[in-house]
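I have placed the structure first, in the form of structure tokens, so that the comments after it can refer back to it.
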Amino acid sequence: MPSLTTLQEKAATDEPITLVNAYDYATARLVDRSDVDIALVGDSLGVTMLGYDGTDRVTVDEMVHHASAVSRAVEDTFVMVDLPFGAYNVTPAEAVRNANRLKKESGADAVKLEGGSEVAPTVEAIDAAGITVFGHLGVTPQTDDATDGYDVHGETSAEVNELVEDARAVDAAGAAGMILELVDPDAAATVTEATDGITLGIGAGPHCDAQAVTLHDLLGLQDVLPETVAGLRGTFGDDIVSHLDAYHEAVGSGEFPP
Ligand SMILES: Nc1nc(=O)c2c([nH]1)NC[C@@H]1CN(c3ccc(C(=O)N[C@@H](CCC(=O)O)C(=O)O)cc3)CN21
Ligand SMILES: CC(C)C(=O)C(=O)O
Ligand SMILES: [Mg+2]
């Protein structure tokens, strides 16, 4: 099992660190066979795996269900799992209870939650309970209104100041690092400088300690392909459909079964 220490050493020596989402046993096995360092069981599974409009209806039970399948699949991949909306917005004590569930019932290595200074007491409580916890700043889909799409964060100096203040609060509260989602590259560099933890950027430029992408985007598994992985988008969704068609055709022509 890769420890947090391994990730910290890589960050300290500027070695590449990569994170992709994994939501089930089969894909987590593939991720584990690859050189990718971290499998994130994100609450984005509500959209990619369960067909919800957003992430806010995802439950702790659903996260446990997916995260335990991923944990069973991996030997040397760090498993991070999202605390979903509603799992940490009541009291720090309830957040610890839910973080305990995600760790004990799913075997995850770390939990992650969204927010800035306002979640610092929650981060502190989870860390004090002995659970590795990561933060998530910039676009925070659990609470952001996505009606008009998402804005890049940290483009004005006022926004950079707020971002750095939030990042420092989460870092000082004991977070092992934080996701920076859709953050201006210079602002992400400033946050990376200003904090001790590992910064993991998704749409946040090259100056973070680690890069994160959604597996479904990277492989091209969705019907509608988002602009999130630049030149690296695969066509595996189309490949799967072609292979299914080849199977259907082979049945029609009598080639299958042999
Ligand atoms: N399917 C999906 N994947 C995501 O990663 C994602 C969402 N949805 N919805 C909300 C945000 C938006 N996200 C992102 C993540 C990365 C870029 C990004 O790197 N954009 C590049 C263009 C890449 C390309 O051309 O394909 C850029 O330079 O802006 C943008 C948005 C992350 N989040
Ligand atoms: C976008 C990533 C960082 C995430 O939180 C998720 O997949 O839920
Ligand atoms: Mg998430």
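Of the residues making up region 1-20, those that are open to solvent by less than 50 Å² (accessible area, probe 1.4 Å) and more than 16 Å from ligand 1 (Cβ to nearest atom) are PRO2, SER3, LEU4, LEU7, LYS10, ALA11, ILE17. Counting residues in region 197-220 that are out of contact with any helix residue (DSSP H, G or I) (no Cβ under 7 Å at 6 or more places or on another chain), of a type in the set (D, E, K, R) and assigned to a loop (DSSP other than H, G, I, E, B) gives zero. Taking the condition of being open to solvent by 10 Å² or more (accessible area, probe 1.4 Å), under 22 Å from VAL133 (Cβ atoms) and over 12 Å from the mean Cα position of the chain (by Cα), how many residues in region 199-218 meet it? Total meeting the criteria: 2.
Does LEU45 fit the bill of being closer than 17 Å to GLN211 by Cβ, within 16 Å of ligand 1 (Cβ to nearest atom), modelled with pLDDT of 95 or more and not small (Gly, Ala, Ser)? So LEU45 fails the test. Using the structure shown, decide if ALA175 is of a type in the set (A, V, I, L, M, F, W, C), modelled with pLDDT under 95 and part of a loop (DSSP other than H, G, I, E, B). So ALA175 fails the test. Considering region 40-64, the residues that are out of contact with any helix residue (DSSP H, G or I) (no Cβ under 8 Å at 6 or more places or on another chain) and away from ligand 2 (no atom under 12 Å from the Cβ) include one that is most open to solvent (accessible area, probe 1.4 Å), namely ASP61.
Please go through region 69-89 and pick out each residue that is aliphatic (A, V, I, L, M) and closer than 15 Å to MET178 by Cα. Selection gives VAL79, MET80, VAL81, LEU83.
Any chance you could count how many residues in region 148-190 are more than 16 Å from ligand 1 (Cβ to nearest atom), open to solvent by 30 Å² or more (accessible area, probe 1.4 Å) and farther than 26 Å from ASP109 by Cβ? Number satisfying all stated conditions: 9. Considering ASP145, ASP61, ASP76, the condition of being within 16 Å of ligand 1 (Cβ to nearest atom) and of a type outside the set (A, V, I, L, M, F, W, C) is satisfied by ASP145 alone. Can you tell me which residue is nearest to ligand 2 (Cβ to nearest atom) among those in region 70-97 that are open to solvent by 40 Å² or more (accessible area, probe 1.4 Å), closer than 17 Å to ALA125 by Cα and not small (Gly, Ala, Ser)? Filtering first and then ranking leaves ASN89. Within region 127-155, the residues that satisfy the criterion of being within 16 Å of ligand 3 (Cβ to nearest atom) and outside any loop (DSSP other than H, G, I, E, B) are VAL133, PHE134, GLY135, HIS136, LEU137, GLY138, HIS153. When restricted to residues that are within 8 Å of ligand 1 (Cβ to nearest atom) and either in contact with a His (Cβ under 6 Å, 6 or more places away or on another chain) or open to solvent by less than 50 Å² (accessible area, probe 1.4 Å) (or both), region 219-231 contains 3. When the residues of region 21-39 are filtered to those that are open to solvent by 20 Å² or more (accessible area, probe 1.4 Å) and outside any loop (DSSP other than H, G, I, E, B), the one that is farthest from ligand 2 (Cβ to nearest atom) is ARG33.
Within region 110-125, residues that are free of Cβ contacts under 8 Å to residues at least 12 places away in the same chain sit with their Cβ atoms under 9 Å from residues that are assigned to a helix (DSSP H, G or I), at 6+ positions apart or across chains, in these pairs: GLU118/ASP166; GLU118/ALA169. The single residue among ALA167, ALA187 that is in a helix (DSSP H, G or I), within 21 Å of LEU40 (Cβ to Cβ) and in contact with a strand residue (DSSP E or B) (Cβ under 8 Å, 6 or more places away or on another chain) turns out to be ALA167.
The values are calculated or read from the model by the stated rules, or taken from the named source; none is laboratory data. Not measured: the values here are computed from a predicted model. Cβ: placed from backbone, ideal geometry, glycine included. Neighbour counts: every protein chain shown. In case anyone asks, the SASA skips ligands and DNA or RNA and just uses the protein heavy atoms, side chains included. Shrake-Rupley method; radii C 1.70, N 1.55, O 1.52, S 1.80 Å.
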